[in-house]
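What follows is calculated from the coordinates using simple rules that are stated; it is not laboratory data. Just so it is clear, the model here is predicted, and its values are computed rather than measured. All Cβ positions, even for glycine, are placed from backbone atoms using ideal geometry, and neighbour counts span all protein chains on display.
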Amino acid sequence: MGSLYALNCCRSIVLLFTIFWVVGCGPTGPQGAPRVGTVQVKGTVIVDGAPAGSLQVAAVAKGGAGAVPMNSTALTAGNGTFSLSTYESGDGVPPGDYTLTFVWGEMNLMNGQYSGDKLEGKYADAAKSEVTLTITAGVEPKDLGTIELSTQ
């Protein structure tokens, strides 16, 4: 009788743990808020006529971040291509109006930090950037084509 009680108790604990784990690991966004739908956004960055690898691209929401701030960013590949991410790699950007910022730093492999800017801050300020993006819910993936930047 005692071992049957212990077995049922153990099953109940496992069931409760599983329920808490499934509920806790559901699709949530920043700070546990529900995820907002996203639209895939890709493009290529060229600096002074050459592909810019390891350049950080960020979509900054116009008019502020809202109640739950979200960051949509990407790091360009060696050939300059990027795909913006909000929750997962390459998942895209939520609907809204954005300004794109660009920082061309370097990754320090020893400490894992990204720092510096070969563009000297020229495209790092959303208030000064001229590259904009508008995302509408339910549209097909968006290709921004080639974005040309200059160190001059």
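Sorting check: for 130-136, 73-79, 36-42, which peptide has the highest mean count of neighbouring beta carbons within 10 Å, and how do the rest follow? Mind showing how you got there, number by number?
Details: 130-136: 14.0, 73-79: 16.4, 36-42: 18.1.
Per-residue Cβ counts within 10 Å, averaged per peptide and sorted highest first, yield 36-42, 73-79, 130-136.
Couplings for segment 121-135, taken from phi via the Karplus curve 6.51 cos²θ - 1.76 cosθ + 1.60 with θ = phi - 60°, read x, 4, 10, 7, 9, 4, 5, 9, 5, 9, 9, 10, 8, 10, 10 Hz in order; Gly and Pro are left as x. Quick query: amide H of Val39 versus all other amide H atoms, modeled in the peptide plane; which residues come in under 5 Å with a sequence gap of 5 or more or a different chain? Answer set, sorted by chain and number: Val93.
Taken along its principal axes, the alpha carbon cloud of segment 36-149 reaches lengths of 37, 28, 27 Å, longest axis first. In this simple spin-label approximation, Asn79 and Tyr114 carry label points 7 Å from Cα along the Cα→Cβ vector, and these lie 2.0 nm apart.
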